[in-house]
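Student: A single structure is presented below for examination.
The values are calculated or read from the model by the stated rules, or taken from the named source; none is laboratory data. Bear in mind that the values here come from a model prediction, so they are computed numbers and not experimental data. Here Cβ is always computed from backbone atoms with ideal geometry, including for glycine, and neighbour counts include all displayed protein chains. The accessibility values were calculated without ligands, DNA or RNA, using every heavy atom of the protein model including side chains. Shrake-Rupley method; radii C 1.70, N 1.55, O 1.52, S 1.80 Å.
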Amino acid sequence: MNYLFIANACVWLGVGGYVLFLARQHSVLERRVRQLEILDGDE
Amino acid sequence: MISSSLAIARKDLRLAFAGGQGPVQAVLLGLLLVFIFSLSAAPGERFSAQQAMAIFWLCSSFGVVLIFSLLFRFEEENDTATALLLSPLPVQSLWLGKTLAGLMLLLLCQVFFFPAALVFLGLDPGSNPAGLVLMVLAVDVGLCVLGGLIGAMGHGQGAKDALLTIIVFPLQIPILLGGIRIGVGLMQGTPLGGLADWFGLVMAFDAVFAGAALFLFPHVFRGE
Amino acid sequence: MGMFRIYPKILMILAGASMALMAVGQYAIWYHAPEELTMGLVQKIFYFHLPLAWWSFVAFFGVCVSSVMVLWTGREHWDVLAGVMAEVGVLFSGLALVTGSIWGRAAWNTWWTWDPRLSTTLVMWFVYAGYLVLRSADVGGTKGAKMRAVLGIVAFVDVPLVFLSARLWRSIHPAVLASKGGGLEPEMWTAVWINVLAWGALFATLVLARYHGAGLKRRVEAALIRIQEKTLQ
């Protein structure tokens, strides 16, 4: 039972970690795109 | 294609020994590895045939990487890659030539590794030297076929070519397992027929990667 | 650019679908599927271990197909897709290895044992992790895309050889699907298929999300180049 619980936790930690990593990267990139496009439009 | 490959192999072997250096680096590293592994047993203790074979193939696997980085460095140092590409030779003959030259150099290295394994690891060669030679040849062909393809990727990469080893070593695993298992079998007196499965696997590795290399090498080795 | 506008919508639908399927899948694991007789509750690890392993192999096959397309068409997006697939594949096979190891500890009292499927997955994990390192190190320079494609193909060609050699070496893995029916009860099969489907949806979501991210990155790079050109004028 314990092992089942540990295995389940590992899987969701792994997937959750990856999703967090993706989300962070996306928000950074999206901010950057907006900044650059404003800069690009200004000049 | 065969004759131009042989010409390239001859040229590379001459270059390898011209500096008086040859595969010295690969030989020394292999001998060092055998010696270091010999420290992992208590004095007087013998290594099992499987341990000794595994160490022998580890040395060979490291040797292949060094040998092919040497062979492709020639074209870089002498800036001859473009010349070779402009020549009417089929590009694949370059791969075959490098592979043959690498095979020769690897066999030369193993001439040193084998006695070292006898002395330091207490390897018992068994009673089938012909079988052993056949096995070493079959496995070496696979290692060099793959080495020639991946080694070409390191060409022109500067220090980055060292990174390629992290993909070469895991790719070599099936054929290394074959080399270890056949070697152990022969030393324990198994007849060649009893090792047919493993020989089949080793040959399949040779054939599959030779085919892949013939198709893929032109994409890897191109002028900038 | 048009494609990048649609992606978020498809992504939301896929993400919603995979969450719903996952919820059903989890219900099937915990309440629907009966307890296995010899191994007990621990056998339930199987319901996510198997889909993870399967989809990781699909991912590696996807890397190979995309790599072939790179060589064939020379289009950049195939190269991006190969990298994305490899990343998700390494994540999934890594999780399959961890769950497999925990299962092995519970069932055979050992964290690691030599088994063809386990060892093949481990070797593949090494190969594709190495492939990802090479990608991020930008090996190949201008010829990079072609080199990555060759590595992607060579890596997949190795899979059957690794499996055969590992099987010749020795095996104790339960042959769940080899024998007909495999000793699984019908409720267990439902749980298996729902979870395979759920993980498939999650796999597609992650691949698409990562691919979308790669598109954003390209937009940043393109905008930077435009700005640079303007300031130079």
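Student: What number of residues within the range C:116-142 are within 14 Å of chain B (Cβ to nearest Cβ) and either of a type outside the set (A, V, I, L, M, F, W, C) or not in a helix (DSSP H, G or I) (or both)? Lay out the reasoning, then the answer.
Tutor: First pass over the range C:116-142, keeping only residues within 14 Å of chain B (Cβ to nearest Cβ): C:116, C:118-142.
From the residues that got through so far, the ones that are either of a type outside the set (A, V, I, L, M, F, W, C) or not in a helix (DSSP H, G or I) (or both) too are C:116, C:119-121, C:128, C:130-131, C:135-142.
Going through the range C:116-142 one residue at a time, the tally reaches 15.
Student: Something else: Can you say whether B:Val202 is of a type in the set (Val, Ile, Thr), on the phi < 0 side of the Ramachandran plot and open to solvent by 30 Å² or more (accessible area, probe 1.4 Å), as far as the supplied structure shows? Before the answer, list the steps.
Tutor: Working: of a type in the set (Val, Ile, Thr): yes; on the phi < 0 side of the Ramachandran plot: yes; open to solvent by 30 Å² or more (accessible area, probe 1.4 Å): no.
For B:Val202, the condition - of a type in the set (Val, Ile, Thr), on the phi < 0 side of the Ramachandran plot and open to solvent by 30 Å² or more (accessible area, probe 1.4 Å) - is not met.
Student: Another one. Considering only residues that are touching a Pro at 6+ places or on another chain (Cβ under 7 Å) and open to solvent by 30 Å² or more (accessible area, probe 1.4 Å), which ones fall in the range C:116-140?
Tutor: If we filter the range C:116-140 for residues that are touching a Pro at 6+ places or on another chain (Cβ under 7 Å), which is where we start, we get C:123, C:126-127, C:130.
Scanning the range C:116-140 gives a single hit, C:Phe126.
Student: Take the residues in the range B:203-216 that are facing another protein chain (nearest Cβ under 9 Å) and touching a residue at least 40 places away in the same chain (Cβ under 8 Å), then tell me which one is farthest from B:Gly185 (Cα to Cα).
Tutor: For the range B:203-216, the residue satisfying everything is B:Leu216.
Student: Hey, could you check the range B:17-42 for residues that are in contact (Cβ under 8 Å) with a residue 60 or more places away in the chain and part of a helix (DSSP H, G or I) and say which is surrounded by the fewest Cβ atoms within 10 Å (Cβ to Cβ)?
Tutor: Across the range B:17-42, the extreme among qualifying residues is B:Phe35.
Student: Also: Within the range C:127-149, how many residues turn out to be touching a residue at least 12 places away in the same chain (Cβ under 8 Å) and closer than 22 Å to C:Leu91 by Cα?
Tutor: Result for the range C:127-149: 9.
Student: Mind checking which residues of the range C:98-137 are closer than 19 Å to C:Ala155 by Cα and among the hydrophobic types (A, V, I, L, M, F, W, C)?
Tutor: First pass over the range C:98-137, keeping only residues closer than 19 Å to C:Ala155 by Cα: C:116-137.
Hits for the range C:98-137 are C:Leu118, C:Leu122, C:Val123, C:Met124, C:Trp125, C:Phe126, C:Val127, C:Ala129, C:Leu132, C:Val133, C:Leu134, C:Ala137.
Student: Being buried (at least 19 other Cβ atoms within 10 Å of the Cβ), modelled with pLDDT of 80 or more and assigned to a helix (DSSP H, G or I) is the requirement here; does C:Phe203 meet it?
Tutor: On the way: buried (at least 19 other Cβ atoms within 10 Å of the Cβ): yes; modelled with pLDDT of 80 or more: yes; assigned to a helix (DSSP H, G or I): yes.
Here the answer is yes, as C:Phe203 does meet what is asked.
Student: Could you tell me which numbered condition A:Tyr18 fails, if it satisfies all but one of (1) more than 9 Å from every other protein chain (Cβ to nearest Cβ); (2) open to solvent by less than 60 Å² (accessible area, probe 1.4 Å); (3) aromatic (Phe, Trp, Tyr)?
Tutor: Just one mismatch for A:Tyr18, condition (1).
Student: Look through B:Pro129, B:Pro174 and report the one residue that is over 29 Å from B:Glu76 (Cβ atoms) and facing chain C (nearest Cβ under 9 Å).
Tutor: On the way: B:Pro129 fails: facing chain C (nearest Cβ under 9 Å).
Sole residue among the options that is over 29 Å from B:Glu76 (Cβ atoms) and facing chain C (nearest Cβ under 9 Å): B:Pro174.
Student: Report yes if B:Arg14 is surrounded by fewer than 15 Cβ atoms within 10 Å (Cβ to Cβ) and in contact (Cβ under 8 Å) with a residue 40 or more places away in the chain, otherwise no. Even if it seems obvious, please write down each step before you answer.
Tutor: Values: surrounded by fewer than 15 Cβ atoms within 10 Å (Cβ to Cβ): yes; in contact (Cβ under 8 Å) with a residue 40 or more places away in the chain: no.
Answer is no for this residue.
Student: Can I ask one more? A:Val33 versus (1) more than 7 Å from chain C (Cβ to nearest Cβ); (2) farther than 18 Å from C:Phe92 by Cα: which is the lone unmet condition?
Tutor: That leaves (1) as the condition not met.
Student: Taking the options C:Ala222, C:Ala191, name whichever one is modelled with pLDDT under 85, part of a helix (DSSP H, G or I) and buried (at least 19 other Cβ atoms within 10 Å of the Cβ). Don't jump to the end; show me each part of the working.
Tutor: On the way: C:Ala222 fails: buried (at least 19 other Cβ atoms within 10 Å of the Cβ).
When all the criteria are applied, what remains is C:Ala191.
Student: Look at B:Thr165 and say whether it is over 14 Å from the mean Cα position of the chain (by Cα), over 17 Å from B:Gln110 (Cα atoms) and within 14 Å of another protein chain (Cβ to nearest Cβ). I'd like the intermediate steps shown before the answer.
Tutor: Values: over 14 Å from the mean Cα position of the chain (by Cα): no; over 17 Å from B:Gln110 (Cα atoms): yes; within 14 Å of another protein chain (Cβ to nearest Cβ): yes.
In short, no.
Student: So the check is Cβ under 9 Å with 6+ separation or different chains; which pairs have a first residue in the range C:218-233 that's within 10 Å of chain A (Cβ to nearest Cβ) and a second one that's outside any helix (DSSP H, G or I) and open to solvent by 90 Å² or more (accessible area, probe 1.4 Å)?
Tutor: Listed pairs, sorted by first residue: C:Arg219/C:Met1; C:Ile227/A:Glu43; C:Lys230/A:Glu43; C:Thr231/A:Glu43.
Student: Name the residues in the range B:177-198 that are buried (at least 19 other Cβ atoms within 10 Å of the Cβ) and more than 9 Å from every other protein chain (Cβ to nearest Cβ), would you? Give the steps one after another, and end with the answer.
Tutor: Initially, the range B:177-198 is screened for residues buried (at least 19 other Cβ atoms within 10 Å of the Cβ), giving B:177-187, B:195, B:198.
Matches in the range B:177-198: B:Gly179, B:Ile180, B:Ile182, B:Gly183, B:Val184, B:Gly185, B:Leu186, B:Met187, B:Leu195.
Student: Also, quick follow-up: Has the range B:50-66 got at least one residue that is at pLDDT below 90 and over 20 Å from B:Val139 (Cα atoms)?
Tutor: no
Student: Still on this structure, I have one more. Could you tell me which residue of the range C:190-217 is farthest from C:Arg135 (Cα to Cα), considering only residues that are over 15 Å from the mean Cα position of the chain (by Cα) and more than 10 Å from chain A (Cβ to nearest Cβ)? Don't jump to the end; show me each part of the working.
Tutor: As a first pass, look at the range C:190-217 and keep what is over 15 Å from the mean Cα position of the chain (by Cα): C:190-194, C:212-217.
Now narrow it down to the ones that are more than 10 Å from chain A (Cβ to nearest Cβ): C:190-194.
Details: C:Thr190: 39, C:Ala191: 37, C:Val192: 34, C:Trp193: 34, C:Ile194: 34 Å.
Ranking the candidates gives C:Thr190 first.
Student: What about A:Asn2, is it more than 7 Å from chain C (Cβ to nearest Cβ) and open to solvent by 60 Å² or more (accessible area, probe 1.4 Å)?
Tutor: Values: more than 7 Å from chain C (Cβ to nearest Cβ): yes; open to solvent by 60 Å² or more (accessible area, probe 1.4 Å): yes.
Here the answer is yes, as A:Asn2 does meet what is asked.
Student: Tally the residues that are under 13 Å from B:Thr165 (Cβ atoms), open to solvent by less than 10 Å² (accessible area, probe 1.4 Å) and of a type in the set (Gly, Ala, Ser), restricting the search to the range B:55-71.
Tutor: The total comes to 2.
Student: Right, here's the next one. Given the conditions (1) more than 28 Å from B:Ala116 (Cα to Cα); (2) among the acidic types (Asp, Glu); (3) without any contact (Cβ under 8 Å) to a residue 60 or more places away in the chain, report the number of the one that B:Glu45 does not fulfil.
Tutor: (1)
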